[in-house]
Amino acid sequence: MEFSTIIKQAHSGVAYLAIIFLAIAIINAFAGASAKRQFTDKDKKFGLFALIFTHIQLLLGLILYFVSPMVHTLNGSMGEVMKNSALRLYGIEHPMINILAIVLITIGWSKHKKATDDNSKFKKFTIFYTIGLILILSRIPWSNWLPSIFG
């Protein structure tokens, strides 16, 4: 199996874990803030696992960006890339929006550590992780990802 194929499959597989852990962390944080309960180690671990898997996803995505045959076609003019929706998605939109999402998730992690009260910690996770998840979901290449899941 070719290296780029292995990285692509890993990138797709870790995406499930990143999305699942982000969703769990968001739901847990929202529930914790709503119930005004104490922020525990369990709550911190949910946020940490989401952070870890999004960072692994970023690392795999960056490797894939530089070894993928599809991205090598981006050597053409930027005008040609912008006219082609698939090239634009894979070469510009998907990486840039997902990097922004992971930056926001990382900011949420950092801000939760600096927060002094439990409710504020939950709110940091809820806000930053939710925005990050929405951005990630908005730039998944669904037309290619869903067929790999179901068939």
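Only the coordinates and a few stated rules stand behind these numbers; no lab work does. Just so we're clear, the structure is a prediction, and the values are computed from it rather than from any experiment. Here the Cβ is made from the backbone with ideal geometry for all residues, glycine too, and neighbour counts use every protein chain on show.
Which of the aspartates and glutamates could a cross-linker span from Lys44 if the Cα-Cα distance has to be under 14 Å and same-chain partners fewer than 8 positions apart are dropped?
Asp117, Asp118
Once R0 is set to 35 Å, what does the formula 1/(1 + (r/R0)^6) return for the Cβ-Cβ distance between His55 and Ala31, expressed as a FRET efficiency to the nearest 0.05?
0.90
What is the Å³ per residue value for the convex hull set by the Cα atoms of the chain? Please list the in-between numbers first.
Numbers: hull volume 17.5 nm³, N = 151.
Cα-based convex hull of the chain, divided per residue, equals 116 Å³.
Just subtract the alpha-carbon distance of Gln38 and Ser120 from 0.36 nm times their residue separation and send over the number in nm, one decimal. Present the calculation step by step, with values, prior to reporting the outcome.
On the way: separation 82, 0.36 × 82 = 29.52 nm, distance 1.07 nm.
My answer for the length gained is 28.4 nm.
Treating the angle as unsigned and between 0 and 90°, give the value, to the nearest 10°, between the Cα long axis of helix 41-67 and the longest Cα principal axis of the chain.
Relative to the chain, helix 41-67 is tipped by roughly 10 degrees.
In nm, to one decimal, how far is the modelled label at Thr106 from the one at Phe66, with both set 7 Å along Cα→Cβ?
For the pair Thr106/Phe66, the computed spacing is 1.6 nm.
Report the calculated FRET efficiency for Lys83 and Ile134 (r = Cβ-Cβ distance, R0 = 25 Å), to the nearest 0.05. Show your work: numbers first, answer last.
Numbers: r = 27 Å, r/R0 = 1.08.
Efficiency, from the Cβ-Cβ distance: 0.40.
Which FRET efficiency value, to the nearest 0.05, do you get for Lys45 and Ile6 by plugging their Cβ-Cβ distance into 1/(1 + (r/R0)^6) with R0 = 35 Å? Don't jump to the answer; show the numbers that get you there.
Working: r = 29 Å, r/R0 = 0.83.
So the FRET efficiency works out to roughly 0.75.
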